[in-house]
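The values are calculated or read from the model by the stated rules, or taken from the named source; none is laboratory data. Quick caveat, the model's predicted, so the values are computed rather than measured. Please note: Cβ atoms are built from the backbone with ideal geometry, for glycine as well, and neighbour counts cover all protein chains shown. Accessible surface is based on the protein model in full, side chains and every heavy atom, while ligands, DNA and RNA are left aside. Shrake-Rupley method; radii C 1.70, N 1.55, O 1.52, S 1.80 Å.
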Protein chains: 2
Amino acid sequence: MPIEVLDNETTDQRLNQLTQALGNGMFVHVRNMLQDMAASDIAFILESSPPRTRQVLWQLIDQEHTGEILDELGEELKDSLIKQMSPERVAKAAESMDTDDLAYILRSLPDSIFNQVLQSMSKQDRVRVEQALSYPDDTAGSLMNTDTVTLRPDVNIDVILRYLRIRGELPDATDMLYVVDKKDCVLGGVRIADLLTCDPNASVREIMVSDLEAIPVGMSDSEVAQLFERHDWVSAPVIDADNKLLGRITIDDVVDVIREDAEHSMMGMAGMDDDTDTFGPVLKSTFRRSLWLTVNLFAALLAASVSNMFEGTLEQFATIAILMTIVPSMGGVAGNQTLALVIRGIALGQIGQSNSRWLIGKELAIGFLNGLLWSVLVFGAVWAWKGDIALGALIGGAMLINMTVAGLAGASIPLMLKKMNIDPALAGGMVLTTVTDVIGLFAFLGLATIFLMH
Amino acid sequence: MPIEVLDNETTDQRLNQLTQALGNGMFVHVRNMLQDMAASDIAFILESSPPRTRQVLWQLIDQEHTGEILDELGEELKDSLIKQMSPERVAKAAESMDTDDLAYILRSLPDSIFNQVLQSMSKQDRVRVEQALSYPDDTAGSLMNTDTVTLRPDVNIDVILRYLRIRGELPDATDMLYVVDKKDCVLGGVRIADLLTCDPNASVREIMVSDLEAIPVGMSDSEVAQLFERHDWVSAPVIDADNKLLGRITIDDVVDVIREDAEHSMMGMAGMDDDTDTFGPVLKSTFRRSLWLTVNLFAALLAASVSNMFEGTLEQFATIAILMTIVPSMGGVAGNQTLALVIRGIALGQIGQSNSRWLIGKELAIGFLNGLLWSVLVFGAVWAWKGDIALGALIGGAMLINMTVAGLAGASIPLMLKKMNIDPALAGGMVLTTVTDVIGLFAFLGLATIFLMH
């Protein structure tokens, strides 16, 4: 059967088969299995394997495919594998890699190895890479490939068709050829689908798309991703300040940016780096997670020092101590809902000067309404539980204050952090929880001290 | 200048201009601005506007473009706009929409309007839509378009080229034409780039890609997205159980799935629905967030009832009350780090039978190591603050217990939820926090009761 039907379980099954074969020491069998697999599938299996399995698999992989496989791996795993490779092997792997991926890998190497790798490359590769390295990471330039096919405007289509037949294979994900003038400035683009269907006697100028949008080389990769998403592009030309064509960006690289950006928000909110390796080694992982826990320890000690201010109240009323975690907890959850919404909005580029004030007002209103609702419910719950109407009223009041603050803080903290050029996805959650914990404890313990202590 | 260079600030500027023009009542000017914009840009601006602005903009939009714009909108906003439209207008909008998007919209309509819309459609559209509606939401079938161009294997390329020229324009994002036999079974595919560069005297069979991977119509959309991502596809054929070609899926629809899946994890962990509208109305938003807060109230009351069990200890030692929030807080953060990692791994399809036990073991080890580290630090901090070495030892011991449990729970809870077919992104965070709160309070207050109360 020529067509491979993709079964839901295929990858997990393959992984099971490989793990079993490795466990039984059937290395030759594993090597044969790996030879039949696509680079992207091998990369996926490496990503999904514990460190020891990875080591063995990596030894068994055909040296020729190293480059392609590295291309497809996540950053943390890629870095750790490259560190074990000899400079010669890296240089060899480099031959079969895209320029943008190669530049990425070189950037992460120590200087001494970096130079050795460059030395071992052919001159052509070296020039290509040095150019790619000149663009900052996370910009359109770093996503760009230079494999563009360009046309002149005044040539007839039948000439183009003959030229393409002589030229041979087109680069991957080519949906458009770019039309440039003598100075390499972009005039427009010709869809390759149109080359197949148009009148061969027409000129390039007649069939070209002239309102083509081009990407400035310094645009951030997240913005590039938003444009691809919004306009359903497969590829787009990249230009410099003089409108000169530098290269093109293709959807496959953009998909990685979209995935990374979305993961960045999610992992960041939990205090994790988005290129954290799921199956990375224990000690390294422990170390990488410590920073966030350190910050949280200070936040928790800050909250405890708020409670400490009300030691007298806590000494007299154990019930207050029992109930005091409820108000910070509800405020934290409500604030986090708002925070997630605003961080996503920022990541999608939806939130700007024109609407941020409206958004803060809306979240403040939701916080207040939620506060009203939950203050009544928690008043009822505590009254029923502890049989003390004053205590119920106190906790209800504190709840209203904290939920309102949570709405305001959840919306304004990420916007303020963004203005200060601090990543809201990373810092937002911790700052917010500290605010809702401190305000929640202050409100409840403060009200209790005022009304219960005479 | 024929090429539009995309400036970083373009969209926010446009939004500002539109908002100002609306504020000044310059409706004709706004209408003209909207007419010059692409549907995807208008959709973006609608998404980024508060409800009142949206209403006015929606009135000013050219009726002819309604369908295209609806195509590009997020689910919550799309639903609310469609509810206000007359069935005739929906039917008219339907004409310019892709089948998959149209099916989505119809699915969300109330039955009475649904039938009215179907009645107002042309027969051809109706057949097309009824077929699309027969595939369940969130499967390959629901992402599929039926606009495939098929070839027979034994025809020469020059015949194909002539046929395409007569046929005219190819569907968007066509990078491959599918080769089928008489029964419509897929034999392979011909890249349109290859049509341009190959020998015109070759036959389709000679230049076709015969190890083409095809997607079964029932595959989940997340799996489809993973395949596109891994294999850098622009489009892929969809087949039924008999290998018969049903249609194709294109990267633009897959990008939406990738974005939605990634957002689902992030928003879900904060207790929000991933199609929540950032600029949605206040009351609706308040209501939609209540469910999560209700669940959290029960979790917080559960934690309070744990503290309640140790009322005697809390009555005697106010310091215990002051410090009792630290242990649950650290456990919650550590557990959440693990949870985020595992939820992402599940979403990427990296975690299966073969490696989940290893992963749980790894996270348990990290939890224990982190527990050791933080128990020492918090022991020191509390000893220094309160001058009580026994108290420091108590909180250190509780910390070690809770961090270890947090590692175990953070890894095993999402895997268990997944086995029970409960969405780990949505339920995982709440279950985890409840576990770390309860265990943290139990450990600290329990140890304090044993060692301080005689």
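One table, with the values for the structure above:
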{"read-out": "Complete set of residues in the stretch B:340-350 that are at the interface with chain A (Cβ under 7 Å from one of its Cβ atoms) and either in contact (Cβ under 8 Å) with a residue 60 or more places away in the chain or within 14 Å of B:A425 (Cβ to Cβ) (or both)", "value": "B:A340, B:L341, B:R344, B:G345, B:G349"}
{"read-out": "Index of the failed condition, A:L283 passing every other in (1) free of Cβ contacts under 8 Å to residues at least 12 places away in the same chain; (2) of a type in the set (A, V, I, L, M); (3) open to solvent by less than 10 Å² (accessible area, probe 1.4 Å)", "value": "(3)"}
{"read-out": "Flag if A:I351 is among the β-branched types (V, I, T), assigned by TED's automatic domain parsing to the domain that holds A:A443 and outside any helix (DSSP H, G or I)", "value": "yes"}
{"read-out": "Count of residues meeting criterion [crowded, with 21+ Cβ neighbours inside 10 Å and either more than 23 Å from A:W374 (Cβ to Cβ) or at the interface with another protein chain (Cβ under 8 Å from one of its Cβ atoms) (or both)] in the stretch B:260-275", "value": "11"}
{"read-out": "Odd one out for A:G361, checked against (1) over 24 Å from the mean Cα position of the chain (by Cα); (2) open to solvent by 20 Å² or more (accessible area, probe 1.4 Å); (3) at the interface with another protein chain (Cβ under 8 Å from one of its Cβ atoms)", "value": "(3)"}
{"read-out": "Filter result (among the polar types (S, T, N, Q), surrounded by fewer than 20 Cβ atoms within 10 Å (Cβ to Cβ), within 28 Å of the chain's Cα centre (by Cα) and modelled with pLDDT under 80) within the stretch B:92-149", "value": "B:S96, B:S108, B:Q131"}
{"read-out": "Residue match in the stretch B:251-266 (condition: farther than 30 Å from B:Q337 by Cβ and out of contact with any Asp or Glu (no Cβ under 9 Å at 6 or more places or on another chain))", "value": "no"}
{"read-out": "Residues within the stretch A:13-26 that are surrounded by fewer than 16 Cβ atoms within 10 Å (Cβ to Cβ) and either touching a helix residue (DSSP H, G or I) at 6+ places or on another chain (Cβ under 6 Å) or not in a helix (DSSP H, G or I) (or both), tallied", "value": "4"}
{"read-out": "Every pair of residues 6+ apart whose Cβ atoms lie under 6 Å, when the first sits in the stretch B:70-97 and is farther than 19 Å from B:D253 by Cα while the second is not in a helix (DSSP H, G or I)", "value": "B:A91/B:M121"}
{"read-out": "Failed item in (1) open to solvent by 20 Å² or more (accessible area, probe 1.4 Å); (2) in contact with a Lys or Arg (Cβ under 9 Å, 6 or more places away or on another chain); (3) in contact (Cβ under 8 Å) with a residue 60 or more places away in the chain; (4) over 27 Å from B:D199 (Cβ atoms), with A:D181 passing the rest", "value": "(3)"}
{"read-out": "Any hit, the stretch A:219-233, residues being part of a loop (DSSP other than H, G, I, E, B), under 28 Å from B:F228 (Cα atoms) and over 21 Å from the mean Cα position of the chain (by Cα)", "value": "no"}
{"read-out": "B:D256 being of a type in the set (D, E), touching a residue at least 24 places away in the same chain (Cβ under 8 Å), at the interface with chain A (Cβ under 9 Å from one of its Cβ atoms) and open to solvent by 40 Å² or more (accessible area, probe 1.4 Å)", "value": "no"}
{"read-out": "Options B:L291, B:L302, B:L245: the member that is more than 8 Å from chain A (Cβ to nearest Cβ), outside any helix (DSSP H, G or I) and not basic (K, R)", "value": "B:L245"}
{"read-out": "Hits in the stretch B:37-80 - residues which are outside any helix (DSSP H, G or I), out of contact with any Leu (no Cβ under 9 Å at 6 or more places or on another chain) and within 11 Å of another protein chain (Cβ to nearest Cβ)", "value": "B:A38, B:G74"}
{"read-out": "Failed criterion for B:N336 (all others in (1) touching a Gly at 6+ places or on another chain (Cβ under 8 Å); (2) open to solvent by less than 40 Å² (accessible area, probe 1.4 Å) hold)", "value": "(2)"}
{"read-out": "Test: residue in the stretch B:157-165 that is touching a residue at least 40 places away in the same chain (Cβ under 8 Å), outside the structural domain of B:I351 (by TED's automatic domain parsing) and surrounded by fewer than 18 Cβ atoms within 10 Å (Cβ to Cβ)", "value": "yes"}
{"read-out": "Condition check for A:G410: assigned to a helix (DSSP H, G or I), within 30 Å of B:D41 (Cβ to Cβ), in contact (Cβ under 8 Å) with a residue 24 or more places away in the chain and within 20 Å of the chain's Cα centre (by Cα)", "value": "no"}
{"read-out": "In the stretch B:324-338, the residues that are of a type outside the set (G, A, S), within 29 Å of the chain's Cα centre (by Cα) and more than 7 Å from chain A (Cβ to nearest Cβ)", "value": "B:T338"}
{"read-out": "Flag for B:E263 being in a helix (DSSP H, G or I) and farther than 24 Å from A:L432 by Cβ", "value": "no"}
{"read-out": "Pick from the stretch B:227-239, criterion closer than 20 Å to B:Y135 by Cα and in contact (Cβ under 8 Å) with a residue 40 or more places away in the chain, ranking: nearest to the other protein chains (Cβ to nearest Cβ)", "value": "B:I239"}
{"read-out": "Matching option when the condition is within 11 Å of chain A (Cβ to nearest Cβ), part of a helix (DSSP H, G or I) and without any contact (Cβ under 8 Å) to a residue 60 or more places away in the chain, among B:L394, B:L377", "value": "B:L377"}
{"read-out": "Count - residues of the stretch B:339-353 that are open to solvent by 10 Å² or more (accessible area, probe 1.4 Å) and of a type in the set (A, V, I, L, M, F, W, C)", "value": "4"}
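Residues checked against (1) at the interface with another protein chain (Cβ under 7 Å from one of its Cβ atoms); (2) surrounded by 21 or more Cβ atoms within 10 Å (Cβ to Cβ); (3) out of contact with any Leu (no Cβ under 9 Å at 6 or more places or on another chain):
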site	(1), (2), (3)
B:I251	yes, yes, yes
B:F298	no, no, yes
B:Q316	no, no, no
B:I322	yes, yes, no
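The rows are residues; the columns are (1) of a type outside the set (S, T, Y); (2) within 11 Å of another protein chain (Cβ to nearest Cβ); (3) open to solvent by 30 Å² or more (accessible area, probe 1.4 Å).
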{"residue": "B:D175", "(1), (2), (3)": "yes, yes, yes"}
{"residue": "B:G189", "(1), (2), (3)": "yes, yes, no"}
{"residue": "B:A193", "(1), (2), (3)": "yes, yes, no"}
{"residue": "B:C198", "(1), (2), (3)": "yes, yes, no"}
{"residue": "B:A202", "(1), (2), (3)": "yes, no, no"}
{"residue": "B:S210", "(1), (2), (3)": "no, yes, yes"}
{"residue": "B:I215", "(1), (2), (3)": "yes, yes, no"}
{"residue": "B:G218", "(1), (2), (3)": "yes, yes, yes"}
{"residue": "B:D221", "(1), (2), (3)": "yes, no, no"}
